[in-house]
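Every number in this text was worked out from the coordinates using simple rules, so none of it is lab data. None of these values were measured; they are calculated from a predicted model. Here the Cβ positions follow ideal geometry from the backbone for every residue, glycine too, while neighbour counts run over all protein chains shown.
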Amino acid sequence: MVTSRTNHSGDAIRNIIKTSVNPTSMKAGICAIKSLRDGRVVMETKSKEDLELLYTNINDKCSQLLEANIQKPRNPKLVIYNIPEEVNAENAEEIITTQNPELMLNPGEVEPKFTYKGKRNIKNLVIEVGPQTRQKILNTKLKIGWHMCSMRDYVIVNRCYKCSRYNHRASDCRGEETCPLCMGGHTIKACTAPPRDYKCVNCVNFNKHNCNAKVRENHSSLDKICPSLQAVIQKFKLNTDY
């Protein structure tokens with residue numbers, strides 16, 4: 001992640017990097033470089049070694065203008081299913097720690113984030129844990145109140161309800177209204193397209209910019225097996241410290 005020490009735009013940051021840093025001479029492969037809406041620039045490599053080379057070169061050669069930081073992987077989150085109604089984000093840690101002494105959980109190892117109601121109005125709890133704690137509890141069932149609760153990794157992808165693209169919310173969207181079913185310029189409620197006419201805006205855009213690898217487009221952007229959605233989920237997992 002590269003930020004400006006003054007007030008450079010994302011495009012200006014990219015130009016400074018490309019003018020000052022030579023990936024060929026430092027023998028590093030750059031997979032992606034893109035500007036974020038807040039002015040920062042994200043750069044990706046395929047290896048930790050290349051990432052450290054890039055980080056060092058930017059900070060050595062552009063330190064007066066830019067600051068580069070290596071982003072730490074996020075901690076994993078788990079969803080615990082079917083918790084008792086009286087359990088909430090405030091009391092869950094104490095209950096889990098007290099009722100499951102065999103796991104030898106220390107204070108702070110389990111951080112409850114929020115609860116939500118799933119199918120059939122069942123209450124679920126999302127917790128954040130470190131990678132070692134995840135390994136310790138993921139394949140068990142937690143005793144919570146009178147319940148034995150199963151869990152799994154909680155992977156969530158933000159999809160904009162306005163433009164149907166990923167990694168931002170409708171409140172921050174600068175794109176145009178795009179139907180998630182057919183790519184039309186209307187809301188999903190106004191869509192009359194039959195399933196045979198569905199088009200995924202994300203897969204269409206992917207195919208426009210990738211000549212060699214094409215993905216199927218004839219589905220809605222809500223499709224759970226959409227190739228673009230699966231790619232975003234895979235990237236989310238790669239950036240999580242499992």
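Where Lys and Arg each count +1 and Asp and Glu each count -1, what net charge lies around Asp153 among other residues with Cβ under 13 Å from its Cβ?
Net charge around Asp153: +3.
Could you line up Cys160, Cys31 from fewest to most neighbouring Cβ atoms inside 10 Å?
Placing the least packed residue first, the sequence is Cys31, Cys160.
Which order do Thr56, Thr97, Thr24 fall in if you start with the one that has the fewest other Cβ atoms within 10 Å?
Ranking Thr56, Thr97, Thr24 by Cβ neighbours within 10 Å, fewest first, gives Thr24, Thr56, Thr97.
From the backbone phi of segment 63-69, what are the Karplus-calculated ³J(HN,Hα) couplings (6.51 cos²θ - 1.76 cosθ + 1.60, θ = phi - 60°) in whole Hz, Gly and Pro given as x?
So the Karplus estimates, Gly and Pro as x, are 4, 6, 10, 10, 9, 9, 9 Hz.
For the chain, state what percent of all Cα-Cα pairs lands in each successive 10 Å bin, counting from 0 Å until the bin that includes the largest distance.
So the P(r) values, bin by bin, are 7, 22, 24, 26, 17, 4, 0.
Relative contact order for the chain: what is it in percent, counting Cα pairs under 8 Å that are at least 6 residues apart?
For the chain, the relative contact order is 14 percent.
Under 16 Å Cα to Cα from Lys235, which aspartates and glutamates show up? Leave out anything in the same chain fewer than 8 places away.
List returned: Glu44, Asp153.
Rounded to the nearest 500 deg cm²/dmol, what is the calculated helix-only ellipticity per residue at 222 nm for the chain, with -39500 (n - 2.57) per DSSP H run of length n ≥ 4?
-7500 deg cm²/dmol
Would you list Tyr116, Tyr55, Tyr161 from fewest to most Cβ contacts within 10 Å?
Result, fewest neighbours first: Tyr116, Tyr161, Tyr55.
Using alpha carbons only, how many angstrom separate the centre of segment 38-61 from the centre of segment 133-209?
29 Å
Please report the antiparallel percentage of the DSSP beta bridges confined to the chain, to the nearest 5.
95 percent
Mind checking which aspartates and glutamates have their C-alpha under 17 Å from Lys119, skipping anything on the same chain fewer than 8 residues away?
Glu85
Could you name the lysines in cross-link range of Lys189, using Cα to Cα under 17 Å and dropping any fewer than eight places away on the same chain?
Within the straight-line cut-off, Lys189 pairs with Lys162, Lys199.
Sort segment 38-127 into rounded, prolate or oblate with this rule: let a ≥ b ≥ c be the square roots of the eigenvalues of the Cα gyration tensor; rounded if a/c is under 1.5, and if a/c is not under 1.5, prolate when a/b is larger than b/c, oblate otherwise.
Prolate is the answer for segment 38-127, as a/c is 1.5 or above and a/b outweighs b/c.
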